1. Any residue in region 340-350 that is at pLDDT 95 or above, surrounded by 13 or more Cβ atoms within 10 Å (Cβ to Cβ), within 16 Å of the chain's Cα centre (by Cα) and more than 25 Å from residue 294 (Cβ to Cβ)?
2. In contact (Cβ under 8 Å) with a residue 60 or more places away in the chain and more than 30 Å from residue 119 (Cα to Cα): does that describe residue 230?
3. Hey, any hits in region 110-125 for a residue that's part of a strand (DSSP E or B), touching a residue at least 24 places away in the same chain (Cβ under 8 Å), within 22 Å of residue 230 (Cα to Cα) and touching a strand residue (DSSP E or B) at 6+ places or on another chain (Cβ under 6 Å)?
4. Given (1) assigned to a loop (DSSP other than H, G, I, E, B); (2) surrounded by fewer than 17 Cβ atoms within 10 Å (Cβ to Cβ); (3) touching a strand residue (DSSP E or B) at 6+ places or on another chain (Cβ under 6 Å), identify the lone condition not met by residue 105.
5. Tell me which of these residue 223 doesn't satisfy, since it passes every other one: (1) surrounded by fewer than 20 Cβ atoms within 10 Å (Cβ to Cβ); (2) under 17 Å from residue 317 (Cα atoms); (3) touching a strand residue (DSSP E or B) at 6+ places or on another chain (Cβ under 6 Å).
6. Can you find even one residue in region 82-98 that is part of a helix (DSSP H, G or I), buried (at least 22 other Cβ atoms within 10 Å of the Cβ) and within 17 Å of the chain's Cα centre (by Cα)?
7. Would you be able to tell me the number of residues in region 259-290 that are more than 16 Å from residue 221 (Cβ to Cβ) and touching a strand residue (DSSP E or B) at 6+ places or on another chain (Cβ under 7 Å)?
8. Yes or no: residue 33 within 30 Å of residue 202 (Cα to Cα), assigned to a strand (DSSP E or B) and either more than 18 Å from the chain's Cα centre (by Cα) or without any contact (Cβ under 8 Å) to a residue 24 or more places away in the chain (or both)?
C-alpha cells in the first residue's frame, strides 16, 4: 500500500522528527512524507498515486498556514482512507472535530487513554458515528535512544536538570505543574547544596543534538505527567481568560483560576506519560517526579524518586540524590526494565497504525462517498472505471439470465408434455380398470352358473 503522510518534518524538536521518520523506517507500506507548511499546493491528480493518507500531529489542521485550502480540498476528495494522529486534545475540540469531519477523517489516533474520556470528548462531535478511535501514547522509544552510551552518574556536573514550560492558564491547575515543580526545587536547592540547571522560560528551551547532552549532564531530571484538567470545547474558556488578562494584565494564575477557571476545573481530567521520560531513561538520568500513574509504565521508588507536591519529602529526595550508588542502581534498573518493552517501541506503534490503515482500505463509509461527491477528478475517474466494469458484469449477467430463461422455458415445455403423457396414461389405466372390472363380473356370473349346473348334475345322479 502507498501511504502519504502530511507532517512538519522540519520541526525543531528531536522527538517530533523521530516520530515522523519512524514511519519511513518501520512501516510495511511505501511511505511518502510531504510538509504542507512548505508545499502549499498539492497535485490534484495525485489522489490516485496513494492508497491511504495520514495527517501527523505536527500539522495544525485548523490553521491554513499548516494546511492550505488547496490541501484541504485534496484531502476531502481523497478516495482512500484518511487518518489523523491527534495530540493536545484539550484545546479547540469542536474546531478540530469539525475540520476532521470536513476532511473525511475515518480514524483518530488519540492520546486519551479511556473509553469514558474518549466518549466525553468526542461523543457529541461533528464526526460521523463510524469514525474509529485508537488510544496511543504521545511518544514511544526510538531505536537510537538505547545506543547513546550515557556516562556514569558520578562526574555529572548537575544534580538536577529540567526544562519545563509555562502553559496557558485555561489548561487548568494540573498543566501548571510543569512550571511549579521547577520553581519548587529551585527555591530549596541552595539550602540543600544542590547544583541545578532548571528553567521553564521559552528562551531556555533546548532542541536538536543539545538535548541528549543536556539530559546526560544531570544526575536526575524533574518531571510531571502530561495532560490537562480543563478541556475547552468551543474556545469560550480561552476567550474568557484573554478578556480577564486584558482587564487585569498583572494577574497571577491563582487570580485567573479563582475568577474565571474554578467552575471549569476538572471538567475532564487527562494525564499521560510523555516522550521525555523515555529519553531520560535512555540517558540513564534518574527521574524525580510528582507521584502519578504515568500510563502504568513507571513504578515509584523503582523507576523514579517520588517528590511530594507539597515538598514534604524533600529531605528524603536530597538524601537519595547524594547517594550515587542508589542513583546508578535506579538508572540501570529503569534502563533494563523499561526500554526493552516491545509495546513501548515506536516500531510496534507504527505497525499498529499500518494494520488500521490496511483494514480501512477495504471499505469506504457512505459518509465519505457523500462528501467526496463528484468534484474530484481522480475520484470521478475511478468511479467511471468501476461503473464501466460494473456495466460489463451486468451485461454478462443479463446474457446468462437470458440463457437461463430459455432453458427454463424448454424445461416447462417438457414438463407440459410429460404432464399430457401422464394424463393419457391415467386415462388408459382407467379404461383398463373398467375392462378388468367388467370381466371380473362376467367371470363371477359364469362361476355361479357352473356351480348351479354342477349341483343339478349331482342331484340327478342320485
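1. no
2. Values: in contact (Cβ under 8 Å) with a residue 60 or more places away in the chain: yes; more than 30 Å from residue 119 (Cα to Cα): no.
Taking the combined requirement at face value, the residue does not satisfy it.
3. Restricting attention to region 110-125, the residues satisfying the condition of being part of a strand (DSSP E or B) are 110.
Add one more test, that the residue is touching a residue at least 24 places away in the same chain (Cβ under 8 Å), and what stays is 110.
Now restrict to residues that are within 22 Å of residue 230 (Cα to Cα): 110.
Filter once more, so that each one left must be touching a strand residue (DSSP E or B) at 6+ places or on another chain (Cβ under 6 Å): 110.
There is at least one residue in region 110-125 that is part of a strand (DSSP E or B), touching a residue at least 24 places away in the same chain (Cβ under 8 Å), within 22 Å of residue 230 (Cα to Cα) and touching a strand residue (DSSP E or B) at 6+ places or on another chain (Cβ under 6 Å).
4. (2)
5. (1)
6. As a first pass, look at region 82-98 and keep what is part of a helix (DSSP H, G or I): 93-98.
Filter once more, keeping what is buried (at least 22 other Cβ atoms within 10 Å of the Cβ): 96-97.
In the following step, the residues that additionally are within 17 Å of the chain's Cα centre (by Cα) were identified as 96-97.
Yes - at least one qualifying residue is present in region 82-98.
7. If we filter region 259-290 for residues that are more than 16 Å from residue 221 (Cβ to Cβ), which is where we start, we get 259-272.
Within this subset, residues satisfying the condition of being touching a strand residue (DSSP E or B) at 6+ places or on another chain (Cβ under 7 Å) are 270-272.
Total satisfying the criteria: 3.
8. Working: within 30 Å of residue 202 (Cα to Cα): yes; assigned to a strand (DSSP E or B): yes; either more than 18 Å from the chain's Cα centre (by Cα) or without any contact (Cβ under 8 Å) to a residue 24 or more places away in the chain (or both): yes.
Yes.
The values are calculated or read from the model by the stated rules, or taken from the named source; none is laboratory data. Quick caveat, the model's predicted, so the values are computed rather than measured. Don't worry about glycine lacking a Cβ; one is built from the backbone with ideal geometry, like all the others, and counts go over all protein chains shown.
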